[in-house]
């Protein structure tokens, strides 16, 4: 997979202070950040961390611009160009402060607002990052405390595909869901409606698993075993009504290198939402072929190609079935 080239066009950081039971306060930066090497590393690290994280939601803006003002602010900044980036970030901070109080958040963090070109795609990144106390050694070899951003404690993060929004794409907002309701307040801040259609997402998941299996260049029996494990695991989730988590799916399906499959499932281009219950009918293509022609219809398990029960001869373009049951033989002989 070719790495995406990120070009930062605007960057501002503010701070949201919030303690349990206390009102939220904000510390606003007076001007945009200089896009120097440290700033580029910060944004690149955020993008990389976001790409690796499981459990993303995808959606589009809510239609109620009064309750969810971000779409109006973006229109003023991106389309009408009468709101500069610093003013946009400060207006967003006012909305974030309001939500932090209403949702009774227990902690705040450093708020990063960045506009980034990703190839030909124009994006807005928003993230709330925690801070932690670390240790450094000074030039005089003195041990000193230092505070730094802790990517292991990303409070919330989201990405808005501004190009997709202006084109009218179906889904152009993504965000980290977190566990439980951890991402609900940030989804509200983004003004994102993330209705997930399980059938549609299951079909996309099946297609992604198939592409991943092809990309690994596995021997046919090994490839089939991978897809069969995926089918069995997803079928059990569908039967029990349990939502799929991509990191757990990767460990079950590709235990040799689960991180590789997890990365494929969470890749931005797949736009796969997590947290849906797999549709049991939609996962059948993982283990079964089905096709029809003008005068025939056929369905068989993938394993049949390796057991010899089904054989395709590309030279004669024929499909041979072995072990034909007696009742079908009688029907054929009667013809």
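The values are calculated or read from the model by the stated rules, or taken from the named source; none is laboratory data. Please read these numbers as outputs of a predicted model, since none were measured by experiment. Counting neighbours? That spans all protein chains shown, and the Cβs are built from the backbone with ideal geometry, glycine included.
Points worth noting:
- Selection of region 93-105 for residues being in contact with a helix residue (DSSP H, G or I) (Cβ under 7 Å, 6 or more places away or on another chain) and either part of a helix (DSSP H, G or I) or without any contact (Cβ under 8 Å) to a residue 60 or more places away in the chain (or both) yields 95, 96, 99.
- Residue within region 99-106 that is surrounded by 19 or more Cβ atoms within 10 Å (Cβ to Cβ) and closer than 24 Å to residue 194 by Cβ present: yes
- Residue match in region 129-150 (condition: touching a helix residue (DSSP H, G or I) at 6+ places or on another chain (Cβ under 7 Å) and either in a strand (DSSP E or B) or over 23 Å from residue 62 (Cα atoms) (or both)): no
- Options 213, 230, 157; residue that is touching a helix residue (DSSP H, G or I) at 6+ places or on another chain (Cβ under 7 Å), in contact (Cβ under 8 Å) with a residue 24 or more places away in the chain and outside the structural domain of residue 109 (by TED's automatic domain parsing): 230
- Any chance residue 189 is in contact (Cβ under 8 Å) with a residue 12 or more places away in the chain, surrounded by 21 or more Cβ atoms within 10 Å (Cβ to Cβ) and part of a helix (DSSP H, G or I): yes
- Test: residue in region 261-272 that is outside any helix (DSSP H, G or I), touching a strand residue (DSSP E or B) at 6+ places or on another chain (Cβ under 9 Å) and either within 30 Å of residue 73 (Cα to Cα) or at pLDDT 90 or above (or both): yes
- Residue within region 134-144 that is on the phi < 0 side of the Ramachandran plot and either within 26 Å of the chain's Cα centre (by Cα) or buried (at least 21 other Cβ atoms within 10 Å of the Cβ) (or both) present: no
- Residue within region 156-166 that is assigned to a strand (DSSP E or B) and loosely packed, with under 13 Cβ neighbours inside 10 Å present: no
- Every condition in (1) under 22 Å from residue 154 (Cβ atoms); (2) buried (at least 17 other Cβ atoms within 10 Å of the Cβ); (3) modelled with pLDDT of 95 or more holds for residue 27 except the one numbered (2).
- Residue count for region 227-255 under the criterion of being loosely packed, with under 15 Cβ neighbours inside 10 Å, modelled with pLDDT of 90 or more and not in a helix (DSSP H, G or I): the result is 1.
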